[in-house]
Amino acid sequence: FNFKYEFSKYLSAQTLIGVTADKVREATFLPRLGVANDTLALGGIIDSRLGSQVQRLFSIYSDTYISFNRTFNNIHTISANLGARYTQSNTDYNVNTGYNSAIDQLVTVGTGDPALRNTGGDIGAYRWLNNYFNVNYQLYNKYIFGFNVAADASSRFGTQIPGALYIATIKSAVIPSLSAAWVISSEKFLSDISFVELLKLRASYGLTGNDDIGNYAARQYYISQNFLGLQGLVRGNFGNPELQWEVGKKLDIGLDASFFNER
């Protein structure tokens, strides 16, 4: 769903909302007849293999922003955006595996050897909030300056990040960038050189951040494990409350050029 409202020819507000819902159910069976035996990690010999799984996904994405774009006296051009992006994703994954049913006509997990049966899955909850502001200024369409800043918050971060920016109780990563460009081909001293269409010198420096660390890498959690035919819980991770975003720094300097009708 996309909605846009124009307050004037210079100022507008826009919002985009997307929803995704998906469910997959699957059952598997490998018979003992015609299939070679295998060995489990704990040493058990398996012949027939049985499994079932269900996966569910529900996610919401939104991007809402205000835009301003105006040229003053054919000299100054300003364009700016102020907005917020939000993502919420919930996943539910259940899986059951079994081995060594008595005959190949028994194909469900419950008919396998209880001592070799495994039950597991994953529940994933993820939320990401990106507040952003960017502004670009052009003088005579020759001198171009840009500034961008974002404050990213993620449910994947730890709860005790030193030096983090707190907005209310939400910890955020501040990610800025700067850029500048000079369109040399628009200067008067190049106006008589007809074979030059574009000559532009540009430079930028910025930070980029990501939270690609898994939903619960910062937290302590438990996973299931089979013990003598019974399911139990064991520790699956040691929590790290100071786990935070990864930051990359990038400097870019370039020259764009086009000659002889872009040949």
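The values are calculated or read from the model by the stated rules, or taken from the named source; none is laboratory data. On a predicted model such as this, the values are computed, not experimentally measured, just so you know. FYI the Cβ positions are ideal-geometry reconstructions off the backbone, even for glycines, and counts take in every protein chain you see. Quick note on the areas: whole protein, heavy atoms, side chains included, nothing else; ligands and nucleic acids left out. Shrake-Rupley method; radii C 1.70, N 1.55, O 1.52, S 1.80 Å.
Can you tell me the accessible area per residue over the chain, all protein chains present, probe 1.4 angstrom, in square angstrom?
Per residue, the chain has 65 Å² of solvent-accessible surface.
What is the ratio of the Cα radius of gyration of segment 63-127 to 2.2 N^0.38 Å, with N the residue count, to two decimals?
Here the answer is 2.64, to two decimals.
In whole percent, and with a 1.4 Å probe on the protein chains, what portion of the accessible area of segment 1-101 is carbon and sulfur?
57
Using +1 on the beta carbon of Lys and Arg, -1 on that of Asp and Glu, and nothing else charged, what's the dipole of the chain about the Cα centre, debye to 20?
540
Projected onto the charge dipole of segment 107-208 (+1 at Lys/Arg Cβ, -1 at Asp/Glu Cβ, origin at the Cα centre), which of I193, A125, P162 gives the Cα projection farthest towards the positive end?
With unit charges placed on the Cβ atoms, the residue in question is P162.
Taking the Cα centroid of segment 1-73 and of segment 187-263, what is the distance between the two, rounded to the nearest whole Å?
One Cα centre to the other: 21 Å.
From the protein chains alone at 1.4 Å, what is the descending order of accessible area for T64, T208, largest first?
T208, T64
Please work out whether segment 2-117 counts as rounded, prolate or oblate from its C-alpha gyration tensor, where a ≥ b ≥ c are the square roots of the eigenvalues and a/c under 1.5 means rounded, while otherwise a/b larger than b/c means prolate and anything else oblate?
It is prolate, given that a/c is not under 1.5 and a/b is the larger ratio.
Probe 1.4 Å, all protein chains in place: accessible area of Y86 in Å², nearest 10?
We get 70 Å² for Y86.
For the chain, what ratio Rg/Rh do Cα atoms give with a Kirkwood hydrodynamic radius?
1.19
Leaving out ligands, DNA and RNA, and with a 1.4 Å probe, what % of the accessible surface on segment 150-249 is carbon or sulfur?
Exposed carbon and sulfur together represent 59 percent of the surface.
Rg(Cα) of segment 139-263 divided by 2.2 N^0.38 Å?
1.83
Once Lys and Arg get +1 and Asp and Glu get -1 on their Cβ, which of V95, F7, S179 lies farthest toward the positive end of the dipole of the chain?
F7
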